[in-house]
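Here the structure comes first, spelled out in structure tokens, and everything after it is commentary.
The values are calculated or read from the model by the stated rules, or taken from the named source; none is laboratory data. Note that this is a predicted model, so its numbers are computed, not measured. Heads up, the Cβs are rebuilt from the backbone with ideal geometry, glycines too, and the neighbour counts pull from every protein chain shown.
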Amino acid sequence: MTNPEKDDDEVELFRAAVKGARPLKPARLHHPSPPPKPIPQQLLRDEKQALADSLSDDYIPAHEMESGEELLYLREGHAPDILSKLRRGHWVIQAAVDLHGMVADEARAYVAEFLSDCRKRGIRCVRIIHGKGLGSRNREPVLKNKLRSWLMQRDEVIAYCQARPTDGGSGAVVVLLKAAG
């Protein structure tokens with residue numbers, strides 16, 4: 001059982017102790033959340049520039065396979081049947097990018113970013129649509145020739161070939177990428 005006299009004494013004692021106290025303003029009670037972690041903008045710009053710089057327009061290794069106008073490439077150390085499987089559509093195309101209407105510098109950066117993103121996401125087979133060059137100045141496939149050299153410079157590219165007619169034919173290329181790991 002509680003003693004009412006004792007409870008009254010404690011209440012009076014408390015009131016005497018807080019007699020001159022004033023309530024705090026609500027603004028003082030608010031604890032601001034910590035500021036968000038900074039985004040390393042310069043690092044992001046540097047990485048983007050490194051991707052763009054990693055692809056040269058003039059790179060053509062001696063071991064590139066030529067077959068007329070058709071694009072074919074197999075990185076050294078890989079079995080030749082990889083290329084024939086790629087040409088037959090053995091791997092499902094998991095992602096695609098269309099370079100129509102882009103100038104070479106824009107396309108180069110776009111391809112580099114696309115390939116890096118695919119590698120991070122574990123995508124193995126992609127299609128890059130470069131067009132047939134019908135809209136270019138000399139009606140020649142400008143991006144097709146540049147793309148050939150860009151792709152050979154990328155370590156994650158195992159092989160590439162001209163797309164099957166159903167996948168874009170001579171206006172596209174199918175690329176096999178290394179497994180993420």
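The table for this structure:
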| item | result |
| --- | --- |
| Subset of the stretch 102-126 (residues that are surrounded by fewer than 13 Cβ atoms within 10 Å (Cβ to Cβ), more than 21 Å from Ala180 (Cβ to Cβ) and of a type outside the set (D, E, K, R)) | Val103 |
| First in the stretch 85-109 and touching a residue at least 40 places away in the same chain (Cβ under 8 Å), second anywhere and among the aromatic types (Phe, Trp, Tyr) and crowded, with 16+ Cβ neighbours inside 10 Å, Cβ under 7 Å, 6 or more apart | Leu99/Tyr110; Met102/Tyr110; Arg108/Trp150 |
| Some residue of the stretch 89-101 being at pLDDT below 90, more than 16 Å from Gln162 (Cβ to Cβ), surrounded by fewer than 18 Cβ atoms within 10 Å (Cβ to Cβ) and more than 15 Å from the chain's Cα centre (by Cα) | yes |
| Test: residue in the stretch 75-97 that is part of a loop (DSSP other than H, G, I, E, B) and in contact with a helix residue (DSSP H, G or I) (Cβ under 6 Å, 6 or more places away or on another chain) | no |
| Unmet requirement for Lys144, which otherwise passes all of (1) at pLDDT 90 or above; (2) of a type in the set (Lys, Arg); (3) assigned to a helix (DSSP H, G or I) | (1) |
| Hey, Ser149 of a type in the set (Ser, Thr, Tyr), within 17 Å of Leu74 (Cα to Cα) and either crowded, with 16+ Cβ neighbours inside 10 Å or at pLDDT below 90 (or both) or not | yes |
| Failed criterion for Leu55 (all others in (1) touching a Phe, Trp or Tyr at 6+ places or on another chain (Cβ under 9 Å); (2) outside any loop (DSSP other than H, G, I, E, B); (3) at pLDDT below 70 hold) | (2) |
| Selected residue (criterion: farthest from Ala109 (Cα to Cα)) from residues of the stretch 28-42 that are at pLDDT 70 or above and assigned to a loop (DSSP other than H, G, I, E, B) | Ser33 |
| Filter pass, Arg45 being modelled with pLDDT of 90 or more, within 20 Å of the chain's Cα centre (by Cα), outside any loop (DSSP other than H, G, I, E, B) and of a type outside the set (A, V, I, L, M) | no |
